[in-house]
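The block underneath contains the structure these notes are about, expressed in structure tokens.
The values are calculated or read from the model by the stated rules, or taken from the named source; none is laboratory data. Given the structure is predicted, the values throughout are model-derived calculations rather than measurements. With ideal geometry, Cβ positions are generated from the backbone for all residues, glycine too; neighbour counts draw on all protein chains shown.
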Amino acid sequence: MVLTNVYTLTLLPVAGICLLVAGYAWGKRPSPGAVPFAVFNVGAAVWAFGSAMAAASSTGAGSLGWIYVQYVGIATLPTAWLAFGLDYTGRERWLTRRSIAALSIEPLVLLALTWTSHRHGLIYRSISPITVDGVTTVELTPAAGFWLHTAYSYALVVIGTAMLVHLMVTVPRRYRSRTVAVLASILAPVALNLGFLAGAIELPIDPTPYAYAVSGTVGTWALIEKDLFDVPPIAPTVAHGIVFEQVADGVLIVDAGGRIVDYNDAARALLADGVEPQGAHIDELLPSLADVLAELDGPSDAVEEVSLTADGRERYFEITSRPIEHGRHRRLGRLITLHDITDRQLREQRLDVLHRVLRHNVRQETNKILGHADFLQQPTRDDDTTEHADAIETAARDLVDWSNQARSIERTLAPADSTDANVDAERAVEAVLDDLLARHPEVEVATSFDADATVRAHVSLQEALYEIVENAIEHNDAATPRIEITGERSGQWFELTVSDNGTGLPEPELAVLDRGRETPLEHGSGLGLWLVSWTVRASRGTLDIEADDGTTITMRLPSADAEDDDVGTDCLLGLDETDSEAAGVSPPSDGSPST
């Protein structure tokens with residue numbers, strides 16, 4: 001075959017240019033739009049190459065065969081352009097496997113009907129070989145299927161182009177030149193193709209592929225000079241949508257009548273189940289906040305702190321209501337945001353407890369030291385001196401212990417240290433017992449653990465266990481102190497229980513722990529129980545304390561393989577004056593005092 005006509009000689013370079021652009025764009029993936037833009041240029045190259053070879057054929061049959069080849073590119077181009085428009089303008093969420101499969105149906109059907117059109121005439125009514133200006137080609141008479149495909153193709157092109165035009169007019173000026181270049185890459189082929197289909201351009205072959213030389217040149221300029229895919233533009237509307245959906249705060253847009261116009265996923269998780277938010281009245285979706293929202297419905301910004309139940313747990317939110325106005329004094333509705341301040345509330349509560357306990361106990365022990373030191377400054381007997389010196393040492397050791405406990409508690413307050421860690425509960429208990437039994441050999445201890453005793457807990461778990469076992473030993477006045485420690489797996493949870501045969505935990509200790517805060521008149525004896533309680537909460541577990549014929553403390557912790565949805569998130573203890581059951585603490589059944 002000899003390539004002698006001008007059509008062949010000029011179309012082959014066009015195909016080469018399109019392939020170069022496609023290769024360059026493919027190398028920019030996964031930048032937005034890079035892959036569909038590469039596919040678009042491959043389609044253009046196939047069309048140009050098929051058209052060149054059809055013009056070079058010396059027989060009608062050969063020319064028809066290459067026309068069938070070029071239809072692979074023709075069928076690909078509209079779908080690739082639509083995909084490019086979606087991806088480049090930030091609407092890639094529409095490009096799912098299902099949508100791509102759906103868009104692929106029409107091109108595949110077109111190819112099948114085109115290649116068999118000589119049998120049914122759905123795409124072309126007649127196919128006749130002709131020679132024009134020395135070029136052997138085929139005269140194709142379009143049928144209904146051809147025009148349906150043309151209408152469908154231009155619909156896709158118009159949609160893709162409209163998205164790019166919208167991008168061009170909404171992005172900052174520095175992005176516009178590259179968007180104009182991209183639009184030029186489609187407008188030139190569209191103009192030539194429409195002119196040919198309308199009969200305004202009379203040539204033996206469709207001249208549309210020539211326009212892809214313009215497309216390739218402009219595309220190369222946009223790729224290299226304007227960083228088409230290196231710095232893709234972000235349309236403000238798309239950016240606003242991303243922020244609206246991904247912001248952690250719940251956001252509600254409410255009209256002047258109190259009905260919800262829009263909301264994000266974070267807000268949907270807080271709304272009442274079984275009610276479609278769109279168009280519903282806000283009082284139906286947040287019934288517990290009806291009074292608060294009524295108070296916030298003013299002409300200016302308003303802020304209120306409230307509690308809501310989310311994911312089965314009580315959470316605390318800062319609600320902000322801002323009026324939405326158009327023009328002067330024309331109110332359209334309200335923008336309501338719900339900012340989760342649960343962690344802040346929890347931290348403030350714990351810091352308050354830490355402050356009150358330390359202030360009370362440090363002042364008390366310091367007074368002891370000063371009193372005994374004052375006694376030592378007076379002439380006294382040797383046995384009295386020893387007694388007072390021992391008391392000073394005891395008070396000083398207590399201060400050191402509280403300092404260590406405060407440091408451990410500080411770790412439970414720090415978000416950076418609140419990440420989960422897999423802890424072997426049995427080994428942690430063994431380490432605690434090795435230390436304490438060396439100092440208290442008289443204590444009888446029995447332990448029993450399931451085979452898998454690994455839990456997901458806060459890093460302070462071993463310190464919390466130490467506090468529990470030390471209390472059970474040092475405040476046990478039984479003739480033979482006994483401690484039983486068990487660990488049992490229960491579904492997604494692991495229950496770690498420590499029981500002693502003392503007289504039970506004092507009721508004031510439980511009362512303070514139940515309230516979740518210290519008061520000026522009521523204090524716990526120290527920080528140990530607070531450390532235990534907060535460690536369990538930071539581990540997303542629950543704490544149960546029973547004081548009846550001794551003290552039984554049960555820590556219910558997530559097992560190492562527990563799913564997050566099954567164990568929830570860090571829960572609060574006593575931010576409100578709830579009953580002890582809600583706080584996860586059981587009071588003594590008989591009210592008897594204990595250790």
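Exactly one residue out of LEU156, LEU108, LEU82 is part of a helix (DSSP H, G or I), out of contact with any strand residue (DSSP E or B) (no Cβ under 7 Å at 6 or more places or on another chain) and crowded, with 21+ Cβ neighbours inside 10 Å, and it is LEU82.
In the condition set (1) surrounded by 18 or more Cβ atoms within 10 Å (Cβ to Cβ); (2) modelled with pLDDT under 85, TYR210 is compliant with all but (2).
A search for C-beta distances below 8 Å between a residue of the range 178-191 that is farther than 13 Å from ALA162 by Cα and any residue that is outside any helix (DSSP H, G or I), counting only pairs 6+ apart in sequence or on different chains, returns ARG178/LYS226; ARG178/ASP227; ARG178/LEU228; ARG178/PRO233; ALA181/LYS226; ALA181/LEU228.
When the test is whether a residue is closer than 20 Å to TYR212 by Cβ, at pLDDT 90 or above and in contact with a helix residue (DSSP H, G or I) (Cβ under 9 Å, 6 or more places away or on another chain), VAL6 does not pass it. The set of residues in the range 13-28 that are buried (at least 17 other Cβ atoms within 10 Å of the Cβ) and in a helix (DSSP H, G or I) comprises VAL14, ALA15, ILE17, CYS18, LEU19, VAL21, ALA22, TYR24, ALA25. Restricting attention to the range 53-79, which residues are surrounded by fewer than 21 Cβ atoms within 10 Å (Cβ to Cβ) and either outside any helix (DSSP H, G or I) or of a type in the set (D, E, K, R) (or both)? SER58, THR59, listed by residue number. Taking the criterion of being within 26 Å of LEU557 (Cα to Cα) and of a type in the set (S, T, N, Q), the only residue of the range 477-488 that qualifies is THR486. Comparison of ILE224, ILE242 shows that the only residue that is modelled with pLDDT under 75, outside the structural domain of ARG91 (by TED's automatic domain parsing) and loosely packed, with under 15 Cβ neighbours inside 10 Å is ILE242.
Quick check, is GLY121 assigned by TED's automatic domain parsing to the domain that holds ALA83, surrounded by 12 or more Cβ atoms within 10 Å (Cβ to Cβ), of a type in the set (Gly, Ala, Ser) and free of Cβ contacts under 8 Å to residues at least 60 places away in the same chain?
Taking the combined requirement at face value, the residue satisfies it.
If you go through the range 430-470 and pick out every residue that is crowded, with 18+ Cβ neighbours inside 10 Å, small (Gly, Ala, Ser) and over 24 Å from GLY504 (Cα atoms), you end up with 3. When LEU531, LEU513, LEU557 are screened for being modelled with pLDDT under 85, within 19 Å of VAL469 (Cβ to Cβ) and touching an Asp or Glu at 6+ places or on another chain (Cβ under 9 Å), only LEU531 passes. Considering TYR88, TYR24, the condition of being of a type outside the set (Asp, Glu), within 30 Å of the chain's Cα centre (by Cα) and modelled with pLDDT under 90 is satisfied by TYR88 alone. Might you check whether a residue that is under 26 Å from VAL169 (Cβ atoms), assigned by TED's automatic domain parsing to the domain that holds TYR152, out of contact with any Cys (no Cβ under 8 Å at 6 or more places or on another chain) and without any contact (Cβ under 8 Å) to a residue 24 or more places away in the chain occurs anywhere in the range 79-94? Looking for residues that are under 26 Å from VAL169 (Cβ atoms), assigned by TED's automatic domain parsing to the domain that holds TYR152, out of contact with any Cys (no Cβ under 8 Å at 6 or more places or on another chain) and without any contact (Cβ under 8 Å) to a residue 24 or more places away in the chain, one finds at least one in the range 79-94, hence yes.
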